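What follows is a set of notes on a single structure, which appears directly below.
The values are calculated or read from the model by the stated rules, or taken from the named source; none is laboratory data. Because the structure is a prediction, the values reported are computed rather than measured. Every residue, glycine as well, gets a Cβ built from its backbone with ideal geometry; the counts of neighbours run over all protein chains shown. Note: accessible area is taken over every heavy atom of the protein model, side chains too, but ligands, DNA and RNA are not part of it. Shrake-Rupley method; radii C 1.70, N 1.55, O 1.52, S 1.80 Å.
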Amino acid sequence: MFDIVGKRKLWYTLSLIVIVPGVIALVMGGLKPSIDFTGGSLIRLDYPDGRPPVTEITNTVATFDVGTPVVQPLGDSEVTIRMKEVNQEMYQSILTALREAHSPIDEQAFESIGPTVGQELRQKATVAIILVLSLIIIYISFAFRKAGSRIMKSWVCGLGALIALFHNILLVIGVFAVLGKYFNVEIDALFITALLTVLGFSVHDTIVVFDRIREQLKKSPQESFSRVVNMSVNATMIRSLNTSLTTLLVLFALYLFGGESIQYFILALIIGIGVGTYSSIFIASPLFVTWQRLRKRSG
């Protein structure tokens, strides 16, 4: 049996080593919001003779000072291009360049997304994440209200899950802050979707481990609390790893072959689900033992 709980300080240290660079990049303004949050321009075009590869359109538009353009195919021949806000003169220059690269082109739409829309999206995203975290804590506290142990209190379960979830979200955000700082990777509305998905997946694994700890406490009341937690984590570890591995295999396939438009969305899911599995095994459960030790010291 692997002594996971006994090496809990090592797991805490590893998490800090990974999280700190991301936090530094975040403080330095590394997280770069896309047009979804800042506002910008959207162009919709139709290629009647056949749409060229998305990468070629992206490379043509990227030669202009428009930030990181987001090109998404529509149907068989249309495409939308999102970029930072441009005036009519810049728009015509982009059209000219696109026609020179791949003619003919039919203009379908050109519109601006103002900063008011971007601000609204940002506020809704923040509210959504806070609401999800709050509901998860309430649910866990309610589900474990009859844990049957004065050690494993329901609010401690909720707090442990919250810390693990915060750990996961902070790490994903930190990675994208580093990518934004050094590789100009932008976050969009899909990034928020990925964060919410990671929250749901992570808490699923954590609840399974917590439930096994509750069962072991009832079955083995004579065992020390740290040993019960360690046995429970070891008993569920293979299941958690298998579940995450099958999910990650699908995500890696999507990352490699799913197209550029969803690449960073899939990357956020890969990082979040991988870290979520790690935190449910090596962070959330050992926190119970740490809390018990601190509780004893405080009397």
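Quote the Stokes-Einstein diffusion coefficient, in whole µm² s⁻¹, for segment 197-291, based on the Kirkwood radius over alpha carbon pairs, a temperature of 37 °C and a viscosity of 0.692 mPa s.
229 µm²/s
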Taking a quarter of the surface of the convex hull around the Cα atoms of segment 170-241, what do you get in nm²?
-> 6.2 nm²
Binned at 10 Å starting from 0, the alpha-carbon pair-distance distribution of segment 52-200 in whole percents comes out as 9, 27, 25, 18, 11, 7, 3, 0
Of the lysine pairs in the chain, how many meet both conditions: Cα atoms under 22 Å apart, and a spacing of 8 or more in sequence or different chains?
-> 13
Residue-wise, which Karplus ³J(HN,Hα) couplings in Hz belong to segment 274-279, taking 6.51 cos²θ - 1.76 cosθ + 1.60, θ = phi - 60°, and x for glycine or proline?
-> x, 5, x, 5, 4, 5
Using only the alpha carbons, work out the radius of gyration and Dmax of segment 1-84 in angstrom.
-> 21.6, 65
Paired Rg and Dmax values of segment 66-146, which use every Cα atom, in angstrom = 21.3, 70
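Restricting to DSSP H runs of at least four residues, report the calculated mean residue ellipticity at 222 nm for the chain, -39500 (n - 2.57) per run over all residues, nearest 500 deg cm²/dmol.
Using -39500 (n - 2.57) per qualifying helix, the result is -23000 deg cm²/dmol.
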How big is the equivalent ellipsoid of the chain along its three axes, where each semi-axis is √(5λ) from the Cα gyration tensor, reported in whole Å from largest to smallest?
-> 47, 18, 16
About the Cα centre, charge dipole magnitude for segment 58-136 (Lys/Arg +1, Asp/Glu -1 at Cβ), debye = 440 debye
Using +1 at the Cβ of each Lys and Arg and -1 at the Cβ of each Asp and Glu in the chain, identify which of Ser15, Thr193, Val127 lies farthest towards the dipole's positive end.
-> Ser15
Interchain or long-range residues, amide H under 5 Å from Phe64's placed H = none
Express the C-alpha Rg of segment 39-88 as a ratio against the empirical globular expectation 2.2 N^0.38 Å, rounded to two decimals.
-> 1.10
To the nearest 20 debye, what is the magnitude of the charge dipole of the chain about its Cα centre, counting +1 on the Cβ of each Lys and Arg and -1 on the Cβ of each Asp and Glu?
-> 3020 debye
Sum up the charges of everything whose Cβ sits under 12 Å from the Cβ of Arg82, counting Lys and Arg as +1 and Asp and Glu as -1, but leave Arg82 out.
-> -3
Could you tell me the accessible area of Met90 in Å² (1.4 Å probe, neighbours in place), rounded to the nearest ten?
-> 60 Å²
Which cross-chain or sequence-distant (5 or more) residues have an amide H under 5 Å from the amide H of Glu78, H modelled 1.01 Å from N in plane?
-> Tyr47
Rounded to whole Å², per residue accessible area for the chain with a 1.4 Å probe reads 50 Å²
Could you pull out every residue, at least 5 positions away or on a different chain, whose amide H is within less than 5 Å of the one on Ser41? Hs are placed 1.01 Å off N in the peptide plane, and Pro or chain starts have none.
-> Met83, Lys84, Glu85, Val86, Ile113
Please work out the FRET efficiency for the pair Glu56 and Asp3, using the Cβ-Cβ distance as r and a Förster radius of 35 Å; give the result to the nearest 0.05.
-> 0.05
Set Lys and Arg Cβ to +1 and Asp and Glu Cβ to -1, take the dipole of the chain about its Cα centre, and tell me which of Ala164, Val70, Asn184 lies farthest positive.
-> Ala164
